[in-house]
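Scroll down for the structure; my scribbles are underneath it.
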Amino acid sequence: MSIEREIELASGQANTVSWQAYGLPEMTLQVPPTVYPPREDTVLLDRVLSRFGPGRGRHLLEIGSGSGAIAIAAAIRGWRVSTCDIHPFAVAATRGNAADHGYEANVVVAEGGPGEGSNWKPSTGADVIAWNLPYLEPTEERLGPLEDAALIGSDESTRLLEVLAEDAALLRPGGIVLLLHSSNRMGDEIPSAWRGQGWATRVQRTTVVGDERLTVVAAWRPFENSIQEVVQVCESTNSQILDFEHGIGYMLRTESQPHGRGQHGRGWVDSPHGFMGSWNLSPDSISTGADHLQRAASIAVLDMLASVLELGLPSHSWAHCASLENLGLRLKWPNDIWLRTDAGHAKICGILAEGRTQGQDVRVVLGIGLNATGPDTNLLTAGWNDLVSIDVEQLTPILHASIASLLEVHPLVESIDRSEILATTHAAMRLTFMEGRARGERALGLDEEGRLLLPSGPIDSTEQVDWAWS
């Protein structure tokens, strides 16, 4: 296609489209032939934005205005809206439609976008940045080259990452980025790339259109303004946090932990240059029980490894566990991470959640020991260096972001449903029991309490079985 084709299409009449935002009256929009019209993805993104309630003067920055449907709906709800598009006809359509509905003063429209200079950026930071990312193959003859370019780009979200790294004020403190993407390969890479740059990410809402799943992901700065501290030696990072008052999200990492411990009082042997650290979490994070917290943390570790390996994140879809399984990574119920090696299945990570209550003071701490290499012991152990070469300094911010992704309580971000944690946990397991009470039995799944379901009944302790790997 050529620019002549764009001009030919643009000379046609605009289409009159009726569209209804969530909880608002139906609106009529004029959509030029080469401008992306409101579709199922527009409805999905608007539904997430509507959850924030009245704008009350908060600032929304929308990237890719299209016809202006999202921007106008947000303005009606009381948001200050800045929006942009690389397509000049989309800019004109948004301005015209906003004026037709009486919101031209509330919707500031600019031509451009990330990677297209700085004229598109508003003068003040946004509370929410929303972007319906390019992901569709053009399927309609009426689309021209400009709209084709907007639909099939492959690195647009990383451009926004670069902008936010250079201009942190574009997103206000406590703000979030909403990214809408598809379940195709490019869509799966987007959350992994953001996580790899130290951003927390969490699925907010999905919908299925034909054979495609559309997903809105929230991204935010993990445990914003929290302190991360590294010490040379610490007897126990969990105990150190429990014994003193710290802010939510505080992370303590040590280079050596002589008395680290795991489940049932077992010791944890340091791995040279491995990760040994703990987080101070919100008391709300343990409201569903320590077992749930530890399962979520194990998925966070799998997420971190997936991001480093540039794979889809298990917390975003349990189906992504298959890619890790192909590499030999599995979750040993309830929360240990193991790696298949030539010598057998070796432990790579241990997790311990603890709490302490004294009157009104409730403290919750999460400790993780993650090997870089297998410690020189008689135990069968492995490390992340068996999969990918990365040092602990590079790994730590990704792990920090992954813990926040699963466990941070953020006012603008919906929590992960307990059933999703259970489904992902089961998908990451794939094991058979061969001895003890569960001799010869294969796990059927997890019940609502997170107990392992066997044909003979549920179990709730690793002490009840021995393990054999299929």
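The values are calculated or read from the model by the stated rules, or taken from the named source; none is laboratory data. This is a predicted model, so every value here is computed, not measured. Backbone-built Cβ (ideal geometry, glycine too); neighbour counts: all protein chains shown. SASA here: full protein model, heavy atoms, side chains in, ligands and nucleic acids out. Shrake-Rupley method; radii C 1.70, N 1.55, O 1.52, S 1.80 Å.
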Check: Are any of the residues in region 441-461 modelled with pLDDT under 75, in contact with an Asp or Glu (Cβ under 6 Å, 6 or more places away or on another chain) and surrounded by 15 or more Cβ atoms within 10 Å (Cβ to Cβ)?
Finding: no
Notebook entry, point to check: How many of the residues making up region 170-205 are within 13 Å of Ala219 (Cα to Cα), small (Gly, Ala, Ser) and out of contact with any Ser or Thr (no Cβ under 7 Å at 6 or more places or on another chain)?
Noted result: 3
Check: Is region 332-343 home to any residue that is among the acidic types (Asp, Glu) and either within 24 Å of the chain's Cα centre (by Cα) or assigned to a loop (DSSP other than H, G, I, E, B) (or both)?
Finding: yes
Next item on the list: Please work out if Ala297 is over 15 Å from His426 (Cβ atoms), under 15 Å from the mean Cα position of the chain (by Cα) and small (Gly, Ala, Ser).
Entry: yes
Next item on the list: Select, from Ser82, Ser67, Ser11, Ser50, the only residue that is among the small types (Gly, Ala, Ser), closer than 24 Å to Leu164 by Cβ and either under 33 Å from the mean Cα position of the chain (by Cα) or modelled with pLDDT under 95 (or both).
Entry: Ser82
Check: For region 162-188, what are the residues that are touching a strand residue (DSSP E or B) at 6+ places or on another chain (Cβ under 9 Å) and either among the polar types (S, T, N, Q) or outside any strand (DSSP E or B) (or both)?
Finding: Leu164, Leu170, Ser182, Ser183, Asn184, Gly187, Asp188
Note to self: Please count how many residues of region 79-128 are part of a loop (DSSP other than H, G, I, E, B), open to solvent by 30 Å² or more (accessible area, probe 1.4 Å) and touching a Gly at 6+ places or on another chain (Cβ under 7 Å).
What the structure shows: 2
Next item on the list: Within region 388-419, count every residue that is touching a Ser or Thr at 6+ places or on another chain (Cβ under 8 Å), in a helix (DSSP H, G or I) and open to solvent by 10 Å² or more (accessible area, probe 1.4 Å).
Entry: 4
Check: From the list Leu324, Leu399, which residue is touching a residue at least 24 places away in the same chain (Cβ under 8 Å), among the hydrophobic types (A, V, I, L, M, F, W, C) and touching a strand residue (DSSP E or B) at 6+ places or on another chain (Cβ under 7 Å)?
Finding: Leu399
Check: Where residues in region 402-425 are touching a residue at least 40 places away in the same chain (Cβ under 8 Å) and of a type in the set (Gly, Ala, Ser), which of them is farthest from Gly277 (Cα to Cα)?
Finding: Ala423
Next item on the list: Quick one: count up the residues across region 337-387 that are among the aromatic types (Phe, Trp, Tyr) and open to solvent by 10 Å² or more (accessible area, probe 1.4 Å).
Entry: 1
Margin query: On the basis of being open to solvent by less than 20 Å² (accessible area, probe 1.4 Å) and of a type in the set (Asp, Glu), does Asp41 make the cut?
Written below: yes
Note to self: For region 192-207, check the following and say yes or no: at least one residue is open to solvent by less than 30 Å² (accessible area, probe 1.4 Å) and either free of Cβ contacts under 8 Å to residues at least 12 places away in the same chain or in a loop (DSSP other than H, G, I, E, B) (or both).
What the structure shows: yes
Check: Does Glu141 count as open to solvent by 20 Å² or more (accessible area, probe 1.4 Å), within 25 Å of Ala74 (Cβ to Cβ) and at pLDDT below 95?
Finding: no
